[in-house]
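The values are calculated or read from the model by the stated rules, or taken from the named source; none is laboratory data. Here the structure is a predicted model, which means the values were calculated and not measured. Cβ coordinates were reconstructed from backbone atoms using ideal geometry, including for glycine residues, and neighbour counts include every protein chain displayed.
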Amino acid sequence: MVRLKVIFFFLFNLYFVLEGYSQNFKARFQAGLNVAQVDGDSYGGYNQPGILAGISILRTDNTKYNYGFELNYSMKGSHKKTTEIDPDPFQLRHTYICLPIFVDLKNLGPHLKNVRLRLAISNNLKIASKVNFGFGWADSDLKPWELSGIVGVGYQLNKKIGFMIRHENSILSVGKPGTNPDFYKVNRTALRNRLVSFVFQYEL
């Protein structure tokens, strides 16, 4: 947590330094909801909710695209829906610090002036990961690092406020499925995070 505070402090100070040199750099606060699943377990559906929150710094002087980077706190994972027939729980919960580098394509057409198309690649550092097979929470053995790709569509409501829907997927494996067919697809060779994010953005 101390390291996270230091990173946020550094980025906020970086923004003010950049602002002193050019008005083309902007900073935005973002917060929203993730709905996630994990490819490679035995349960489909975006059933695991989580928080997404962070800041972004971007350059906006180009008429066709913006580019920049973000620092986000992001919760991912998987959640099995229990039934009377199958009451055993199964949950995977992962928390990451994410550093996406992005390009936002803009001015997509005369009727799409407020629409943005985002393409990004993100380096994600795992800070917590737990699994529950019905016997309580235990640490999972997911890899400490994730590389993911992001595609998003955003809409700018006004100069300060925007909204974006993003789809994110692990590019590389975040771990190996277990050998229990009740919880994992044992014919898979890898686990991958998959999630949709609904993000509110506010320009600072």
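The table below gives the values:
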{"item": "Identity of the residue in region 169-197, among the small types (G, A, S) and under 29 Å from L119 (Cβ atoms), that ends up nearest to the chain's Cα centre (by Cα)", "result": "S197"}
{"item": "Cβ-Cβ under 7 Å pairs, at least 6 apart or on other chains, region 112-128 side under 13 Å from E70 (Cα atoms), far side in a strand (DSSP E or B) and basic (K, R)", "result": "R118/R166"}
{"item": "Subset of region 178-204 [in contact with a strand residue (DSSP E or B) (Cβ under 6 Å, 6 or more places away or on another chain) and basic (K, R)]", "result": "R192, R194"}
{"item": "Scope region 61-92; condition closer than 22 Å to G149 by Cβ, crowded, with 19+ Cβ neighbours inside 10 Å and among the basic types (K, R); matching residues", "result": "K76"}
{"item": "Pairs, first under 16 Å from Q30 (Cα atoms) in region 151-178, second assigned to a loop (DSSP other than H, G, I, E, B) and at pLDDT below 95, C-beta under 6 Å, six or more apart", "result": "Y155/N114; Q156/N114"}
{"item": "Any chance G45 is touching a Lys or Arg at 6+ places or on another chain (Cβ under 9 Å), of a type outside the set (F, W, Y) and surrounded by fewer than 16 Cβ atoms within 10 Å (Cβ to Cβ)", "result": "yes"}
{"item": "Which listed residue is within 25 Å of L108 (Cα to Cα) and in contact with a Pro (Cβ under 8 Å, 6 or more places away or on another chain), from I150, I165", "result": "I150"}
{"item": "Residue within region 129-138 that is touching a His at 6+ places or on another chain (Cβ under 7 Å), free of Cβ contacts under 8 Å to residues at least 40 places away in the same chain and either acidic (D, E) or under 23 Å from H167 (Cβ atoms) (or both) present", "result": "yes"}
{"item": "Some residue of region 181-204 being within 26 Å of G68 (Cα to Cα) and either modelled with pLDDT under 95 or outside any strand (DSSP E or B) (or both)", "result": "yes"}
{"item": "Test: D104 is crowded, with 18+ Cβ neighbours inside 10 Å and among the acidic types (D, E)", "result": "yes"}
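For every residue, the table says whether it meets (1) modelled with pLDDT under 95; (2) assigned to a strand (DSSP E or B); (3) over 15 Å from G175 (Cα atoms); (4) hydroxyl-bearing (S, T, Y).
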{"site": "P110", "(1), (2), (3), (4)": "yes, no, yes, no"}
{"site": "S129", "(1), (2), (3), (4)": "yes, yes, no, yes"}
{"site": "F135", "(1), (2), (3), (4)": "yes, no, yes, no"}
{"site": "A138", "(1), (2), (3), (4)": "yes, yes, yes, no"}
{"site": "K159", "(1), (2), (3), (4)": "yes, no, yes, no"}
